[in-house]
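Inspection log for the structure reproduced underneath, given as structure tokens.
The values are calculated or read from the model by the stated rules, or taken from the named source; none is laboratory data. Everything numeric here is computed off the predicted structure, so don't read it as measured data. Heads up, the Cβs are rebuilt from the backbone with ideal geometry, glycines too, and the neighbour counts pull from every protein chain shown.
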Amino acid sequence: MTYNFLMEKKSVVWKILISLFLLFHLFGVFLTPNPRSFLANAVSPIYRPYMNFLGLQHTWGFFAPEPLSPPLYIDYVLDQKNAPAITGRFPSEKSPFFFRDRQNRRMSLAKFLASSEDHLRNMFMNHLCNQYPETTQARLWRVTITQASLEMVRSGKKKITDPVDSKIEILGTFYCLEKNNE
Amino acid sequence: MSDWLKKFFLSPIHAWDAFWFEPNDEKLRSVAIFRILFCATMLFFYISRVPDISFFYSEQGLLPSSYAQTVDYFRYHPSIFFGMKSLTSLYIFHGIFLSLLLMLSVGLLTRFVAPLTFFFHLMFLNRNMTVMFGVDMISTFFFLYLIFSNSGAYYSLDKKLFCKNSWLYRSSASTINHIALRLMQIQLCVIYAFSGLEKLKGTRWWDGSAIWDVLTMGDMQRWDMSFVAHVPVLLAMNAYAVLFWEIYFPFLVWKKELRNYILLIGVFLHLGIGIFMNLPSFAALMISIYALFLSGEEIKRSIRW
């Protein structure tokens, strides 16, 4: 007896079973985007594992609640054993890629990295130390850039593309320990 | 009175039944067009990922498996690519994934290719979720639903190569295909509804300055659009139009008389986002989903035209 045969029969029992599953699935689809609600918190053990397993755990808030999320960059200075320090910014301010999607992935990554010291140490530093094996230590900063306001552009003082302010915060000094030990 | 009561209780059941369990062969054309547009978009989108395979997904890249396993965020999302040391293997698997997308676009062995495509898609996403953004998230739902929809019934190589209703190719709709179609339609409504409602929490959307903020996002600027500062009314009207359209899309798109107008506004909105914010793949993805709301007759007419 194949699944299709059962479908064609449209037996009431099957319809009820499928309807129950649909209700469960839709429950997850509607609750997942609002994970902080009382209801979602209360019933998350029921639907969360299912949604996570299928990769459906996403929230939907494009440019919301506020659209202004200034781009975030990580500036670095890498001190080298026997060479001048290397400086850089991740990701580059202007996308160097033909496909814009490559830059979007890096922007998303930079936000994740800067959100925790552990991520910086185990992901970003790990990568930098591998890429530049002569590095002994690195100093990192979080940089957010503010663009011109409507009033500034209206008065002709600035163009919409002009950055007006950079907020620079120290993220810390990190070491390429394994390389030092060697 | 008893008739009234019976109707009162039974009509929602009948409506549910009609909505989910009445397959329509003609709708298979819409699903087929969606498959072509969606998979072709995703194929180009994931080709752009190839130069970053090593950086994003390999053990030598940004996220070594040893660290990923210690972070809760990754632990609940398994991937066959965790611990894969060979970079060549990663490239081969990505190549297989792209080939599957190509096969799905042209409708070759659709029934078998769809689940494999979803599997590989999810495995790559789970390997490094920090580099994921809107297009990856939205497409996951539609790759999943494509498994259950008979998307190869029309406009496919399957149709040309295999006998009607063989185990390789089915030309007719079944309930399960129809359910998948409904889930895809609902998913789009959920995305818009939540995006719209989330915006209502933001003060910038209420005061109408949100579009200005979007246009000034340094990393997304393509051209100098300073002139828009002189027409703030237009910016505010645009912001309110986006809010209104996103929030009401899930209701208005089901009204036959309004559907095509609602979709047309969506096409313009996404083309705007695609062109001015330099997000063409996101625009193409969203527009491809609209095919699911067109009738079989409309698809036939458009293709003839």
Could you go through region B:267-282 and let me know if any residue there is free of Cβ contacts under 8 Å to residues at least 12 places away in the same chain, away from chain A (no Cβ under 11 Å) and either surrounded by 17 or more Cβ atoms within 10 Å (Cβ to Cβ) or not in a helix (DSSP H, G or I) (or both). no
Residue check: is A:Phe98 in contact with a Phe, Trp or Tyr (Cβ under 7 Å, 6 or more places away or on another chain) and among the aromatic types (Phe, Trp, Tyr)? no
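Looking at B:Ile247, B:Ile211, can you tell me which residue is of a type in the set (A, V, I, L, M), in a helix (DSSP H, G or I), under 21 Å from the mean Cα position of the chain (by Cα) and within 13 Å of another protein chain (Cβ to nearest Cβ)? Talk me through it step by step, then tell me what you get.
Working: B:Ile211 fails: under 21 Å from the mean Cα position of the chain (by Cα).
Answer to the check: B:Ile247.
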List pairs: first residue in region B:202-222 and closer than 12 Å to A:Ser69 by Cα, second residue among the aromatic types (Phe, Trp, Tyr) anywhere in the structure, Cβ distance under 8 angstrom, at least six positions apart or on different chains. B:Ala210/A:Phe63; B:Val214/A:Phe63; B:Leu215/B:Phe276
Looking only at region B:124-169, count every residue that is part of a loop (DSSP other than H, G, I, E, B), in contact with a Phe, Trp or Tyr (Cβ under 8 Å, 6 or more places away or on another chain) and either basic (Lys, Arg) or facing chain A (nearest Cβ under 9 Å) (or both) and tell me the total. 1
Taking region A:143-159 as the search range and keeping residues that are more than 7 Å from every other protein chain (Cβ to nearest Cβ) and under 28 Å from the mean Cα position of the chain (by Cα), which one is modelled with the highest pLDDT? A:Val143
Could you count how many residues in region B:53-82 are at the interface with chain A (Cβ under 8 Å from one of its Cβ atoms) and either modelled with pLDDT of 95 or more or crowded, with 20+ Cβ neighbours inside 10 Å (or both)? 4
